[in-house]
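Written out below as structure tokens is the structure these notes cover.
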Amino acid sequence: AESDEADILEKKAQARLTEQVTLVLNKGQTLLNLDRLDEALECFDEAISLDSERADAFVKRGTALEKLQHVDEAISAYDQAIALDEGLATAYLNKAGILNRLERYNEALECYEQALGHNKNRALEVV
């Protein structure tokens, strides 16, 4: 009975953490939409400190860094997102966009191909 109660408490704590991370990410996204980039970045960093396994938080962090013209840090954030979720097409697409602008076309092409490959695989899984 004690282990069941401990499991229930752990699940509740995890649910609260997930909810907190989601709220912080949503706040950050709103700040990003308002071009309050430094504040948005703080939110994304907070979300990552709460749960460093959230690939979407790294994508949002990359987007804020990209808008702040911190392209190397943005690429790094997208790489971290990809490391957490290789099927996250958004991370590949955003990274490819930066690489294109840097005229690193072969690397950009590789990112687009990876995004397409993962999207095709996910589409097949859904069917």
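Return yes or no: is THR30 open to solvent by 50 Å² or more (accessible area, probe 1.4 Å), in contact with a helix residue (DSSP H, G or I) (Cβ under 7 Å, 6 or more places away or on another chain) and closer than 21 Å to THR18 by Cβ?
So THR30 does not fit the description; no.
Conditions (1) at pLDDT 95 or above; (2) open to solvent by less than 50 Å² (accessible area, probe 1.4 Å), marked per residue:
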position: VAL59; (1), (2): yes, yes
position: ALA77; (1), (2): yes, yes
position: ASN94; (1), (2): yes, yes
position: ASN100; (1), (2): yes, no
position: ALA115; (1), (2): no, yes
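Exactly one residue out of GLU73, GLU86, GLU53 is modelled with pLDDT of 95 or more, over 22 Å from GLN20 (Cα atoms) and open to solvent by 80 Å² or more (accessible area, probe 1.4 Å): that is GLU73.
The values are calculated or read from the model by the stated rules, or taken from the named source; none is laboratory data. Note that the structure is predicted; figures quoted are calculated from it, not measured. Neighbour counts run over all protein chains shown; Cβ positions are idealised from the backbone, glycine included. What goes into the accessible areas is simple: the full protein's heavy atoms, side chains included, and nothing from ligands, DNA or RNA. Shrake-Rupley method; radii C 1.70, N 1.55, O 1.52, S 1.80 Å.
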